[in-house]
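Notes for the one structure printed next.
Coordinate-derived values only; no laboratory data. Owing to the predicted nature of the structure, the values given are computational and were not obtained by experimental measurement. All Cβ positions, glycine included, derive from the backbone under ideal geometry; neighbour counts span all protein chains shown.
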Amino acid sequence: MPEKEEETIIEHRKPQLLTPEEVDHLVEQKLNKDKPRKSWRLFPQLLPKNGTRIVQPEEMFSYLITPSYLEIKPNYARINETYHRVIQASGYPRKVEDGWLQAFLNKNENYDISIHIQPSLIEETLAFLHNQIIRQTTDLIASTAKGTPNPSLEIKLADTKRIYDA
């Protein structure tokens, strides 16, 4: 006799926060296809006249993680009731003091910070650094010949040579 599928009843009223255990359970259901499948009984407002339908775990997982409202504008995106904005900062300071991001992080806001480092081949990086050393050396010789030596350029050249030799 086949085993009866376990059912979970969920009322569809508004988005709700799930506990970590509920999320783990849903992810486990989604990823473990070898185990017996469970079906979910869903009670949305727009259902057939009998009022119920059986939803497979894949559909339920998509339903749970899909936002109920999505708006995309050139300057922001709104997901449900939360506004999101992407800000890109490229480059970084040579030296930083303690707390250099403190003013930014002290604001009582939610931030998701990610750092992307563009991968490149070692040969490309060495060629780029070699060209930078040539350009910086030329600029340093030109500024010294004019009688206006540039100490920051000397530091930059030394840093580039140190990275190239490493």
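For the range 103-114, just list the computed ³J(HN,Hα) in residue order, Karplus coefficients 6.51, -1.76 and 1.60, θ = phi - 60°, integers in Hz, with x standing in for Gly and Pro.
Using θ = phi - 60°, the values come out as 4, 5, 7, 6, 5, 7, 10, 8, 10, 10, 10, 10 Hz.
From the P(r) of the range 122-165, can you give the percent of Cα pairs sitting at distances over 12 Å?
Details: 552 of 946 pairs.
I get 58 percent for the Cα pairs in the range 122-165 exceeding 12 Å.
Which order results if L121, L157, L105 are arranged by neighbouring Cβ count within 10 Å, fewest first? Walk me through the intermediate numbers first.
Numbers: L121 8, L157 18, L105 11.
Starting with the residue having the fewest Cβ neighbours, the order is L121, L105, L157.
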